[in-house]
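To keep things clear, I will list the structure first and then write my remarks on it.
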Amino acid sequence: MMKKPVISLLLSGVFILGFLATYLALTFSKVFVKKSAAITSPTPNSYSEATPASITNPKGVFNLVFLGYGGAGHSGSYLTDSVIIVHVNTNSGSAALISVPRDLWIPGNRKLNAEAVNVGFQGVGSSIQNITGQYINYFVSVDFGGFTKIIDSLGGITVDVPKAFDDSFYPIAGEENNTCGISEEQINAFKAQFTGFNLEKQFTCRYERLHFDKGPANLKGTTAIKFVRSRHGDSDFGRSQRQFAVLMGIENKLISVKSLGKLDEIINILLGIVKTDLTAGTIKTLLEVFGDPGKYQIKQIQLTTENVLSEGKSSDGQYILIPKAGNLNFSEVKSYINANLQ
């Protein structure tokens, strides 16, 4: 567990991720009035009707979900690569980043990352609630282009790379159909021998190699999106760690931006980049309400095969993750999250 300024963390979440990325990915479940005022019950929102009566937030507890997606010019442009919940409990002075894997199999015979395609970004909140048992009030989504602009609007960020990795197959935008000078006869031979990603790997000109060393790294927007998107240097769980690292990098940069008195300017820029049901007024009021950021303890919670999930295949051969308690049985997932939020 680490002690961090949660105010900056929340802003990081509001304007990322996915992070992100991602990937990028927080939700506010309360209406705040003044710093000295009590936190009231949440205002009714788009998720209320779809939320089971048993899912509510106590006073002083709120969640926000981040969704990072490809956007125009990318295959699967509305598939969410990143789903991150930011959970904040002002009563206990604690906060958590909860990473929900994109490959989680959900009702409707689809992966979680396809949910936005079917119900829209705002509607993803209902699915997240059913999976995690956490009441979602607001959403923030950002595509790859917006993510790049966010990082660059901050003048770049410094991230702490959790571990070194190489990815020799990072896709180059616009090169998806490049034949790399390979003859049609050889292409047909490849198709007869390989399928899926093994087939794609034969066309090496479509990819570039990425390498990141463990430790501090200064990233501009274009490099940051590669850092959080990379899929072949490690696992999806490793990627979620990288998304957390970027969130922290944005957090630290926002601290310096705030100290320079440029927070209003940055908020207005970022609200023009992301899709969200938050307003600048809500964000600024939250900053007043939280008060001393030093009192908050922040956790990182990942749903992985080392705790509540198992690997599997769908009926059409897709790689998926399902709860160890059984397909579509999210009881242990909810219990695991609640236990780690204590």
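Values quoted throughout were computed directly from the atomic coordinates according to the rules given, and no laboratory measurement underlies them. Because the structure is a prediction, the values reported are computed rather than measured. For neighbour counting, all protein chains shown are included, and Cβ atoms are generated from backbone atoms with ideal geometry for every residue, glycine included.
List the residues, sorted by chain then number, that are 5 or more residues from residue 94 or on another chain and whose placed amide H is less than 5 Å from its amide H.
89, 297
Under the Karplus relation 6.51 cos²θ - 1.76 cosθ + 1.60, θ = phi - 60°, what is the ordered set of whole-Hz ³J(HN,Hα) values for segment 56-61, x standing for Gly and Pro?
Working through the residues one at a time gives 9, 10, x, 4, x, 10 Hz.
What residues qualify as long-range amide H neighbours of residue 165, i.e. H under 5 Å apart, gap of 5 or more or another chain, H built at 1.01 Å from N?
Correct list: 212.
Step by step: find N for segment 188-258, compute 2.2 N^0.38 Å, then divide the Cα radius of gyration by it. What's the final number?
Cα Rg divided by the expected 2.2 N^0.38 Å: 1.50.
Starting from the Cα gyration tensor of segment 166-212, multiply each eigenvalue by 5, take the square root, and state the resulting semi-axes largest first in whole Å. All intermediate terms of the calculation are to be shown ahead of the outcome.
Details: eigenvalues 88, 29, 12 Å².
Working from the Cα gyration tensor, I get semi-axes of 21, 12, 8 Å.
Exactly which chymotrypsin sites (Phe, Trp or Tyr not before Pro) in segment 184-245 are in a DSSP loop and have at most 14 other Cβ atoms within 10 Å? Don't jump to the answer; show the numbers that get you there.
On the way: sites: 190, 194, 197, 203, 207, 212, 227, 237, 244; in loops: 194, 203.
Of the chymotrypsin sites (Phe, Trp or Tyr not before Pro), the ones in loops of segment 184-245 whose Cβ has at most 14 other Cβ atoms within 10 Å are 194.
Starting with the highest mean, order 99-107, 322-330, 134-142, 169-177 by the number of other Cβ atoms within 10 Å, averaged over the residues of each peptide. Walk me through the intermediate numbers first.
Values: 99-107: 20.8, 322-330: 15.3, 134-142: 27.2, 169-177: 12.2.
Output ranking for 99-107, 322-330, 134-142, 169-177: 134-142, 99-107, 322-330, 169-177.
If the limit is 27 Å between Cα atoms, which of 149/295; 111/201; 253/299; 163/295; 149/201 go over it?
Over 27 Å apart, Cα to Cα: 149/295; 163/295; 149/201.
Only loop residues by DSSP count here, and only those with at most 15 other Cβ atoms within 10 Å; note down the trypsin sites (Lys or Arg not before Pro) in segment 112-215 that meet that.
Sites meeting the loop and neighbour criteria: 163, 201, 214.
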